[in-house]
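Read the structure below first, then the notes.
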Amino acid sequence: IFGFFKGLVGQKVLERADLEPALTAMKEHLINKNVAKDISDSLCASVRESLIGQKVSSFKGLNALVKESMEPALQRILTPKKSTDLLRDILAAKAERRPFSIVFCGVNGVGKSTNLAKICFWLLQNKLRVLIAACDTFRSGAVEQLRVHVRNLKSLDLDGQGSASTNIELYEKGYGKEPALIASDAISYARSQKFDVVLVDTAGRMQDNAPLMQALASLVRVNNPDKVVFVGEALVGNDGVDQLVKFNAALKDYSNVAEPRQIDGIVLTKFDTIDDKVGAALSMTYITGQPILFVGTGQTYTDLKKMNVKAVVQALLR
Amino acid sequence: MVLGELGSRLTSALRSMTNATVIDEQVLTTLLNEIAAALLQSDVNIKLVKRLKDGILKKINLDELPPGINRRRLIQTTVFEELCNLVDPGVESFKPKKGKRNVVMFVGLQGAGKTTTCSKLAYHYQRKGWKVALVCADTFRAGAYDQLKQNATKAKIPFFGSYTETDPVQLALEGVQKFSQEGFDVIIVDTSGRHKQESELFEEMKQIEAVVKPDNVIFVMDASIGQAAEAQASAFKDAVNIGSVIITKLDGHAKGGGALSAVAATRSPIMFIGVGEHIYDLERFDVKSFVSKLLGMGDLAGLAEK
Ligand SMILES: Nc1nc2c(ncn2[C@@H]2O[C@H](COP(=O)(O)OP(=O)(O)OP(=O)(O)O)[C@@H](O)[C@H]2O)c(=O)[nH]1
Ligand SMILES: Nc1nc2c(ncn2[C@@H]2O[C@H](COP(=O)(O)OP(=O)(O)OP(=O)(O)O)[C@@H](O)[C@H]2O)c(=O)[nH]1
Ligand SMILES: [Mg+2]
Ligand SMILES: [Mg+2]
């Protein structure tokens with residue numbers, strides 16, 4: 001009797017057209033959460049493929065069904081595929097008696113210098129010796145900005161000694177000089193002075209600005225840093241995708257080496273300014289397959305967090 | 001440049017309509033969907049896109065059109081007008097008044113380009129013969145005063161700020177008073193970046209506005225901003241009396257749709273656009289030519305007025 005009843009009510013086979021309204025709603029929902037349009041499109045397309053041909057008892061719950069199938073996809077994209085344990089990597093370099101170098105790059109004003117300073121704070125808390133290399137030799141006040149951060153960080157009594165810390169220093173050569181050269185001098189200096197980490201600040205640049213992108217590629221090629229970190233802001237819309245694609249392309253196209261470097265990780269800034277419109281996190285990881293190493297959540301040194309993938313997925317689907 | 005890509009998409013959408021033999025409901029819907037997709041890809045707020053679509057549909061009721069009318073032309077002009085409405089609040093943009101002290105205050109999100117644009121605007125007015133000065137009321141960001149100072153020095157613009165004063169309200173007041181007494185025509189006040197989620201920062205902005213009594217508050221927005229633009233812009237609008245908008249970084253690939261949505265939220269005209277990091281990288285914004293360019297059709301402006 002039960003079987004007969006079930007056959008009568010449902011067991012409809014889902015076809016493309018049945019899914020369209022629910023998928024359109026989901027697409028708009030994701031766009032509204034600031035997921036890039038193309039990425040919303042392709043995510044919905046793959047959910048469609050996975051659902052076509054499935055049997056359902058009624059068409060009523062299709063929105064929920066789409067949401068249910070979207071969730072693991074989002075989870076998968078946002079979950080890092082490789083270790084995000086920077087400290088472990090740094091300690092490994094330390095064991096080899098060499099400084100671990102990280103280059104921060106990205107477009108203008110996204111928070112490269114500020115989040116570099118926050119990461120420096122975190123490294124100091126972990127008792128590492130950090131050298132900051134001022135390789136933005138273009139933007140007014142860029143060097144002074146780092147100098148203020150270094151002064152602030154020096155005066156934080158992290159080691160409980162009550163005296164200015166010797167674990168942090170600024171390496172700068174003022175303005176107008178060749179950034180790649182300053183970075184390489186800084187790394188040599190760090191090696192001789194036994195610094196554990198070199199944080200290289202670079203000038204903001206638009207991804208279509210060929211000369212500036214070339215200069216970045218050259219800085220990376222010459223110095224072959226341990227990590228190339230892309231700094232992107234959570235506020236960014238569809239341009240975020242273009243930024244990442246073109247930064248990677250520039251590192252490849254302008255380097256003339258067989259195995260060019262690519263972006264190794266992302267710092268997602270200004271996460272405190274977007275409420276639940278967390279889509280940029282998804283767009284950036286989707287496009288690069290690289291992990292979000294840190295999330296910037298404010299303007300002070302402690303406003304640096306690890307990303308909570310579950311919370312982001314929930315915010316995206318809510 | 002800027003909206004080039006969106007422009008060519010819209011143009012090809014309009015062209016495909018021109019080529020279609022019969023213009024029926026389906027052709028119109030396809031066209032509107034294409035336009036909506038292009039606008040979404042350019043970060044125009046999703047609610048605005050819907051409103052735009054509905055607005056066009058409502059204006060063009062294909063069933064009730066008199067038989068003789070040119071349907072293609074009607075659709076083209078309607079699209080043009082609705083796009084203009086999107087970026088044009090119908091208010092004249094700010095111009096400093098001769099023989100009077102003009103105070104301009106810059107506000108906006110962190111890193112939007114306020115300090116850079118302040119210097120650009122000061123340079124722009126200075127070249128036009130105004131007596132201009134810059135005031136740094138950002139006591140928060142590391143190196144903020146040095147940044148403004150270096151820009152101002154390069155352009156030979158008088159400036160005021162402090163390394164020791166920590167109260168931005170006090171600094172703004174002192175700076176404006178000083179330059180007022182010295183008879184400056186245009187006094188531009190730079191402030192820290194802030195966002196709606198931190199109410200104290202907004203409170204500070206209101207206090208600065210209260211003491212400097214600006215003739216115009218300029219809201220600076222980054223062209224790359226996405227769907228969060230509207231909420232931030234509305235919050236700024238509610239907190240201070242925004243008079244103009246400047247969209248920055250339009251030399252990049254970003255199409256500025258998010259920032260355009262901010263215009264809709266603030267109902268304030270776009271005064272200038274920023275097109276580079278140098279002090280001269282500032283351009284006037286003009287709605288009609290902007291939308292014509294957007295559509296890739298120079299003659300549409302004429303059409304719309306008929
Ligand atoms: N609310 C918020 N603001 C941030 C965050 N990270 C950085 N900022 C602010 O963003 C602004 C720009 O930061 P910078 O570090 O100077 O950005 P940048 O990328 O180095 O800029 P350029 O070097 O000029 O390209 C500053 O006002 C920072 O305080 C964050 O996580 N949240
Ligand atoms: N390419 C380009 N860069 C720009 C433009 N306007 C500003 N910038 C850059 O954007 C970055 C941030 O600019 P700022 O003027 O420091 O921004 P801000 O709003 O004052 O930042 P906060 O004071 O930290 O909130 C800098 O690297 C500027 O050079 C523009 O129109 N084009
Ligand atoms: Mg910087
Ligand atoms: Mg500033």
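Before moving on, here are some points about what is shown:
- Restricting region B:132-153 to residues that are touching a residue at least 24 places away in the same chain (Cβ under 8 Å) and facing chain A (nearest Cβ under 8 Å), the residue that is nearest to B:Gly175 (Cα to Cα): B:Leu148
- Of the residues making up region B:101-113, just one is more than 14 Å from every other protein chain (Cβ to nearest Cβ) and assigned to a loop (DSSP other than H, G, I, E, B), namely B:Arg101.
- Condition met for A:Ser192 (of a type in the set (S, T, N, Q) and either modelled with pLDDT under 95 or open to solvent by 60 Å² or more (accessible area, probe 1.4 Å) (or both)): yes
- As a summary of the residue check, A:Val200 satisfies the conditions (1) away from chain B (no Cβ under 14 Å); (2) away from ligand 3 (no atom under 15 Å from the Cβ); (3) surrounded by 21 or more Cβ atoms within 10 Å (Cβ to Cβ) except for the one numbered (2).
- Some residue of region B:195-207 being among the hydroxyl-bearing types (Ser, Thr, Tyr), within 14 Å of chain A (Cβ to nearest Cβ) and more than 16 Å from ligand 4 (Cβ to nearest atom): yes
- Subset of region B:172-192 [out of contact with any Phe, Trp or Tyr (no Cβ under 8 Å at 6 or more places or on another chain) and on the phi < 0 side of the Ramachandran plot]: B:Ala172, B:Leu173, B:Val176, B:Gln177, B:Ser180, B:Gln181, B:Glu182, B:Phe184
- Screening A:Ala215 against (1) within 11 Å of chain B (Cβ to nearest Cβ); (2) open to solvent by 10 Å² or more (accessible area, probe 1.4 Å); (3) within 16 Å of ligand 3 (Cβ to nearest atom) leaves a single unmet condition, (1).
- Pairs with Cβ under 6 Å, 6+ apart, first in region B:114-131 and in contact (Cβ under 8 Å) with a residue 40 or more places away in the chain and within 14 Å of chain A (Cβ to nearest Cβ), second within 16 Å of ligand 4 (Cβ to nearest atom) and in a helix (DSSP H, G or I): B:Thr115/B:Gln147; B:Thr115/B:Leu148; B:Ser119/B:Asn151
- Some residue of region B:221-231 being surrounded by fewer than 22 Cβ atoms within 10 Å (Cβ to Cβ) and out of contact with any helix residue (DSSP H, G or I) (no Cβ under 6 Å at 6 or more places or on another chain): yes
- Residue, most open to solvent (accessible area, probe 1.4 Å), within region A:77-128, restricted to residues that are within 11 Å of ligand 1 (Cβ to nearest atom) and at positive phi: A:Gly109
- Of all the listed residues (B:Leu10, B:Leu62, B:Leu14, B:Leu3), the sole one being modelled with pLDDT of 75 or more and aliphatic (A, V, I, L, M) is B:Leu62.
- Filtered residues of region A:288-308 (kept if more than 14 Å from every other protein chain (Cβ to nearest Cβ) and either under 19 Å from B:Lys196 (Cα atoms) or within 13 Å of the chain's Cα centre (by Cα) (or both)): A:Thr288, A:Gly289, A:Gln290, A:Pro291, A:Ile292, A:Leu293, A:Phe294, A:Val295, A:Leu304, A:Lys305, A:Lys306, A:Met307
- Pick from region B:167-194, criterion away from ligand 4 (no atom under 16 Å from the Cβ) and part of a loop (DSSP other than H, G, I, E, B), ranking: least open to solvent (accessible area, probe 1.4 Å): B:Phe184
- Count of residues meeting criterion [open to solvent by 50 Å² or more (accessible area, probe 1.4 Å), assigned to a loop (DSSP other than H, G, I, E, B) and either among the small types (Gly, Ala, Ser) or farther than 20 Å from A:Leu30 by Cβ (or both)] in region A:40-59: 3
- Checked against (1) open to solvent by 30 Å² or more (accessible area, probe 1.4 Å); (2) of a type in the set (A, V, I, L, M, F, W, C); (3) in contact with a Phe, Trp or Tyr (Cβ under 8 Å, 6 or more places away or on another chain), A:Phe271 passes all but condition (3).
- Region B:122-134 - residue that is within 22 Å of the chain's Cα centre (by Cα) and crowded, with 24+ Cβ neighbours inside 10 Å and, of those, nearest to A:Arg151 (Cα to Cα): B:Leu134
- Against the list (1) at pLDDT 95 or above; (2) closer than 27 Å to B:Ile35 by Cβ; (3) of a type outside the set (Val, Ile, Thr); (4) not in a loop (DSSP other than H, G, I, E, B), the condition A:Ala17 fails is (1).
The rows are residues; the columns are (1) open to solvent by 40 Å² or more (accessible area, probe 1.4 Å); (2) at the interface with chain A (Cβ under 10 Å from one of its Cβ atoms).
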| site | (1), (2) |
| --- | --- |
| B:Leu39 | no, yes |
| B:Ser42 | no, yes |
| B:Ile46 | no, yes |
| B:Lys50 | yes, yes |
| B:Ile69 | yes, no |
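- Entry remark, region B:80-108: residues being more than 30 Å from B:Ile56 (Cα to Cα) and open to solvent by 10 Å² or more (accessible area, probe 1.4 Å) number 8 in total.
- Sole residue being open to solvent by 10 Å² or more (accessible area, probe 1.4 Å) and touching a residue at least 40 places away in the same chain (Cβ under 8 Å), chosen from A:Lys277, A:Lys246, A:Lys252: A:Lys277
The values are calculated or read from the model by the stated rules, or taken from the named source; none is laboratory data. Small disclaimer: the values here were computed from a predicted structure and weren't measured. Using ideal geometry, Cβ is built from the backbone for each residue, glycine included, and neighbour counts are taken over all protein chains shown. Side chains are part of the model used for accessible areas, which takes the heavy atoms of the whole protein and leaves out ligands, DNA and RNA. Shrake-Rupley method; radii C 1.70, N 1.55, O 1.52, S 1.80 Å.
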